[in-house]
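Enquirer: My questions will all concern the structure given below.
The values are calculated or read from the model by the stated rules, or taken from the named source; none is laboratory data. What you see is a predicted model; the values in this text were computed from it and never measured. Glycine also receives a Cβ, built like all others from the backbone with ideal geometry; neighbour counts cover every protein chain displayed. Quick note on the areas: whole protein, heavy atoms, side chains included, nothing else; ligands and nucleic acids left out. Shrake-Rupley method; radii C 1.70, N 1.55, O 1.52, S 1.80 Å.
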Amino acid sequence: MNEPITGKGLDRVDARAKVTGKAAYAAEIAVANVTYAVIVGASIGKGKVTAIDVAAAKRVPGVLAVLTHENAPKLPGADKPRVSPQDRMLQFLQDTQIHYDGQPIALVVADTLERAREAAGLVVARYDAEKPALSMEAEMGSAYAPKETVRGPTDTRHGDFEAAFAKAAVKVDQTYTMAPENHNPMETHATIAVWQGDDRLTLYDTTQGGFIVRDKMATLFGLPKENVRVISHFLGGGFGCKGSPWSHVPLCAMAAKVTRRAVKLALTRQQMFHFVGHRPRTVQHVALAADKKGKLAAIRHELVAWTSRIDEFIEPAASWTRPMYACDNVTTTHRIVRLDVATPTFTRAPGAASGSFAMETAMDELAYALNMDPLELRLTNYAEKDHDSGKPFSSKELRACYRRAADRFGWAKRKMPPRSTLDGHWLVGMGMATAAYPAHQRPSSAIAKIKQDGTVVVQAGSHDLGTGTYTIMAQIAADAIGQSFEKVRFELGDTTMPEAPLAAGSQTAASVGSAVKKAAAAARAELVKTAIADSRSPLYGTPEAEIEAADGVLQANGKRDPYADIVRRSGKGEIAAKVDAKEREERSAFACHAFGAQFCEVRVDEATGEIRVGRVVGAFAGGTILNAKTARSQLLGGIVWGIGLALLERAERDARTGRVVTREFQDYHLPVNADVPPIEVILVDEVDPHVSDVGAKGLGEIGITGMGAAISNAVFHATGKRIRDLPITLDRLL
Ligand code: MOS
């Protein structure tokens with residue numbers, strides 16, 4: 001056996017294609033005779049379209065069609081139920097009702113993008129407008145409990161929070177709010193639709209879930225699933241917004257059907273703030289009580305978030321708290337308020353980024369109420385099992401994360417009182433928080449093929465958001481099939497490939513990785529069987545158990561048979577195995593989560609309130625690391641998202657229309673390189689025999705969790721001001 005390639009910090013196999021521009025994103029795919037569609041959005045936040053004048057738009061040379069509710073085809077499956085829990089209600093010109101600002105009201109198709117844009121600008125709509133309700137606080141009375149969240153029940157209750165809280169020695173009871181955020185991957189949503197005849201549709205779409213797009217389009221257009229093919233080989237980021245198809249996808253397919261041409265529809269940056277999801281505004285109440293030694297007696301975490309009038313999405317923030325600490329009296333609740341906004345969706349660690357901000361800031365407040373070191377408070381209440389489900393953790397190296405990150409950061413040097421460190425005109429503060437994200441495994445299929453030249457092709461219809469999926473899957477396959485890494489190619493992003501789950505929820509490595517490992521092992525077993533049954537093989541008749549596989553050669557007792565020879569002699573084009581991997585059964589006996597610890601230093605200008613993150617140290621335990629480099633990059637990226645969430649990102653709405661007014665990067669601030677300090681990521685060793693067949697938990701989102709609190713806690717330590725509303729902007733510190 002060779003040294004395993006899995007775990008090594010290899011460069012991404014798609015890196016060269018990315019930097020040389022050869023990796024084609026959805027809108028860059030070359031499709032013959034393509035035409036261009038542009039969406040016209042409503043300019044009111046609520047009401048009805050009463051008239052729409054498209055005459056001027058139609059007169060623009062090269063315009064092929066202008067679709068509105070008056071002439072858009074009625075789709076046969078428009079009223080069919082959703083195809084998956086991630087599927088959202090879409091708006092594709094079926095009626096006159098306006099539910100939110102920017103809702104598509106017309107679609108212009110022309111032979112060039114410029115002509116389509118010009119014509120779109122000439123569409124004039126008249127409305128019967130109503131005033132949209134946009135304030136969660138004003139509508140709090142209408143808050144209701146949804147049936148469930150994506151992270152378990154809406155409410156949980158263990159013990160008696162009220163009684164324990166009432167008699168506890170030390171208490172914190174506060175409200176934490178977060179601004180709505182938008183996803184904003186560099187690659188905006190884009191689709192190219194091509195019909196083959198009347199009943200076969202190919203979509204080049206930028207998506208995290210090709211099979212969901214396929215199923216949704218098949219349902220809407222009344223087609224068998226196999227008549228719809230969705231291709232998405234590269235994504236320029238995803239972040240949750242590409243986890244389900246939005247309205248532009250059926251609109252694009254509709255335009256292609258009407259014009260009988262291939263149609264390309266790419267959203268503008270502004271439209272990314274209209275109808276492709278966002279993180280909803282959240283209001284969280286956290287009440288904590290402890291005895292004088294800091295032992296938690298009671299926890300209550302209540303979330304209220306907004307959703308749209310037309311669909312339900314709940315940011316599952318209070319669920320984050322459920323498995324976190326050892327405490328007998330824990331109550332958590334989720335409520336939603338319907339407003340005249342577009343439907344929110346999963347956004348960069350949904351529930352966990354937001355929930356950890358509220359809970360871990362409250363923990364810091366409790367530490368100060370106790371005059372106890374914040375890290376010491378976490379260790380005092382360390383959960384040895386999940387007190388919510390009562391199950392043991394599949395693994396939990398959080399103690400090591402705390403210790404390694406604290407040591408590296410120099411936490412021991414921190415003085416407890418706020419405003420205790422001044423460096424010139426900078427107030428310097430240190431904050432910490434716990435990070436955690438659930439470790440999912442979903443069913444996934446994969447196929448592994450050994451070709452006549454001995455090379456290996458493995459396929460699963462998954463996606464690579466830019467995170468390294470292509471690379472880690474090839475690493476897993478190389479080890480499992482016994483071929484060198486260079487001779488293994490992993491392919492993804494096509495619904496003609498074996499079905500893989502949504503590339504979201506930090507679940508791809510564990511889910512698809514397990515399927516790839518099993519398929520590769522099965523193909524190898526098939527190869528071994530073929531060789532030992534073949535009288536022309538040097539290994540003919542060798543007992544299976546004696547055979548070793550490495551570098552594309554089977555060997556036993558000094559005899560060798562290369563993969564290429566075995567496949568060629570078999571007379572088959574290839575030796576292949578397809579596997580449908582289920583979620584591991586033993587997982588149900590455990591609580592499965594990745595954990596980590598975030599430590600950061602912030603510097604606040606005493607005079608101007610300017611906030612700079614000085615440095616960050618994060619330590620994470622996510623089971624087996626499949627690629628040390630891409631794992632680190634994911635965690636770095638997550639921490640940078642956290643800087644955005646804590647200090648910069650805010651989708652501000654016009655109170656009259658609900659229009660997001662910060663819908664350019666000059667107004668919607670994301671961290672740029674100058675905002676990113678030295679970040680150190682520590683990968684803590686963790687062996688988890690239960691969590692997945694590759695031992696990995698997934699690290700795609702945990703990096704952002706804890707960051708909101710670590711930064712807000714550091715701001716408090718620096719300034720003595722407790723800011724409970726994100727983002728923390730300098731005006732709040734003056
Ligand atoms: Mo992630 S928000 O689950 O794509």
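Enquirer: Farther than 30 Å from Met89 by Cα, open to solvent by less than 20 Å² (accessible area, probe 1.4 Å) and in contact with a helix residue (DSSP H, G or I) (Cβ under 7 Å, 6 or more places away or on another chain): does that describe Leu377?
Expert: Values: farther than 30 Å from Met89 by Cα: yes; open to solvent by less than 20 Å² (accessible area, probe 1.4 Å): yes; in contact with a helix residue (DSSP H, G or I) (Cβ under 7 Å, 6 or more places away or on another chain): yes.
It is true that Leu377 is farther than 30 Å from Met89 by Cα, open to solvent by less than 20 Å² (accessible area, probe 1.4 Å) and in contact with a helix residue (DSSP H, G or I) (Cβ under 7 Å, 6 or more places away or on another chain).
Enquirer: Quick one: which residue in Val687, Val660 is modelled with pLDDT of 95 or more, open to solvent by 10 Å² or more (accessible area, probe 1.4 Å), among the hydrophobic types (A, V, I, L, M, F, W, C) and away from the ligand (no atom under 16 Å from the Cβ)? Step through it out loud before you land on a result.
Expert: Details: Val660 fails: open to solvent by 10 Å² or more (accessible area, probe 1.4 Å).
The match here is Val687.
Enquirer: Still on this structure: Residue pairs, Cβ under 7 Å, 6 or more apart or interchain, first in region 49-63 and farther than 27 Å from Glu130 by Cβ, second open to solvent by 30 Å² or more (accessible area, probe 1.4 Å) and not hydrophobic (A, V, I, L, M, F, W, C). List them.
Expert: Pairs that qualify, where the first residue is farther than 27 Å from Glu130 by Cβ and the partner is open to solvent by 30 Å² or more (accessible area, probe 1.4 Å) and not hydrophobic (A, V, I, L, M, F, W, C), are Val60/Arg115; Val60/Glu118; Pro61/Arg115; Gly62/Asp111; Gly62/Thr112; Gly62/Arg115; Val63/Arg115.
Enquirer: Another question about this same structure. If you scan region 309-319, which residues turn out to be outside any loop (DSSP other than H, G, I, E, B) and more than 12 Å from Val286 (Cα to Cα)?
Expert: Restricting attention to region 309-319, the residues satisfying the condition of being outside any loop (DSSP other than H, G, I, E, B) are 318-319.
Scanning region 309-319 gives a single hit, Ser319.
Enquirer: Additional query: Please determine whether any residue of region 157-175 is buried (at least 18 other Cβ atoms within 10 Å of the Cβ), under 27 Å from the mean Cα position of the chain (by Cα) and more than 16 Å from the ligand (Cβ to nearest atom).
Expert: Within region 157-175 (the criterion being buried (at least 18 other Cβ atoms within 10 Å of the Cβ), under 27 Å from the mean Cα position of the chain (by Cα) and more than 16 Å from the ligand (Cβ to nearest atom)), the answer is no, since none of the residues qualifies.
Enquirer: Among Ser444, Ser484, which is under 21 Å from Ala525 (Cα atoms) and within 16 Å of the ligand (Cβ to nearest atom)?
Expert: Working: Ser484 fails: within 16 Å of the ligand (Cβ to nearest atom).
Criteria check complete, one pass: Ser444.
Enquirer: Follow-up question, since we're still on this one. Looking only at region 458-472, which residues are open to solvent by less than 10 Å² (accessible area, probe 1.4 Å) and either modelled with pLDDT under 95 or over 21 Å from Val213 (Cβ atoms) (or both)?
Expert: Residues satisfying the conditions are Val458, Gly468, Thr471.
Enquirer: Collect the residues in region 421-444 that are assigned to a loop (DSSP other than H, G, I, E, B) and either open to solvent by less than 30 Å² (accessible area, probe 1.4 Å) or in contact (Cβ under 8 Å) with a residue 40 or more places away in the chain (or both), keeping them in residue-number order. Talk me through it step by step, then tell me what you get.
Expert: Initial filter on region 421-444 (assigned to a loop (DSSP other than H, G, I, E, B)): 421, 424-425, 439-443.
Hits for region 421-444 are Thr421, His425, Ala439, His440, Gln441, Arg442, Pro443.
Enquirer: Taking region 91-146 only, how many residues are among the hydrophobic types (A, V, I, L, M, F, W, C) and open to solvent by 60 Å² or more (accessible area, probe 1.4 Å)? If you could, list the steps in order and put the result at the bottom.
Expert: Just the residues of region 91-146 that are among the hydrophobic types (A, V, I, L, M, F, W, C), to begin with: 92-93, 98, 105-110, 113, 116, 119-120, 122-125, 129, 133-134, 136, 138, 140, 143, 145.
Next, only the ones that are open to solvent by 60 Å² or more (accessible area, probe 1.4 Å) stay: 113, 122, 124, 129, 138, 140.
Summing the residues that are among the hydrophobic types (A, V, I, L, M, F, W, C) and open to solvent by 60 Å² or more (accessible area, probe 1.4 Å) in region 91-146 gives 6.
Enquirer: Right, here's the next one. Scan region 266-288 and tell me whether some residue there is more than 16 Å from the ligand (Cβ to nearest atom), in contact with a strand residue (DSSP E or B) (Cβ under 9 Å, 6 or more places away or on another chain) and hydroxyl-bearing (Ser, Thr, Tyr).
Expert: Initially, region 266-288 is screened for residues more than 16 Å from the ligand (Cβ to nearest atom), giving 266-271, 273-275, 281, 283-288.
Those left that are additionally in contact with a strand residue (DSSP E or B) (Cβ under 9 Å, 6 or more places away or on another chain): 266-268, 270-271, 273-275, 281, 283-288.
This time we only want the ones that are hydroxyl-bearing (Ser, Thr, Tyr), so: 268.
Within region 266-288 (the criterion being more than 16 Å from the ligand (Cβ to nearest atom), in contact with a strand residue (DSSP E or B) (Cβ under 9 Å, 6 or more places away or on another chain) and hydroxyl-bearing (Ser, Thr, Tyr)), the answer is yes, since at least one residue qualifies.
Enquirer: Another question, then. Looking at Ala564, Ala521, Ala531, Ala581 in this structure, which one is surrounded by 15 or more Cβ atoms within 10 Å (Cβ to Cβ) and closer than 30 Å to Leu201 by Cα?
Expert: Numbers: Ala564 fails: closer than 30 Å to Leu201 by Cα; Ala521 fails: closer than 30 Å to Leu201 by Cα; Ala531 fails: closer than 30 Å to Leu201 by Cα.
Result: Ala581 is the single residue among Ala564, Ala521, Ala531, Ala581 that is surrounded by 15 or more Cβ atoms within 10 Å (Cβ to Cβ) and closer than 30 Å to Leu201 by Cα.
Enquirer: While we're here: So, Pro250, is that one open to solvent by less than 40 Å² (accessible area, probe 1.4 Å), within 16 Å of the ligand (Cβ to nearest atom) and either in contact (Cβ under 8 Å) with a residue 60 or more places away in the chain or touching a strand residue (DSSP E or B) at 6+ places or on another chain (Cβ under 8 Å) (or both) or not?
Expert: Values: open to solvent by less than 40 Å² (accessible area, probe 1.4 Å): yes; within 16 Å of the ligand (Cβ to nearest atom): no; either in contact (Cβ under 8 Å) with a residue 60 or more places away in the chain or touching a strand residue (DSSP E or B) at 6+ places or on another chain (Cβ under 8 Å) (or both): yes.
Judged against the criteria, Pro250 is not a match.
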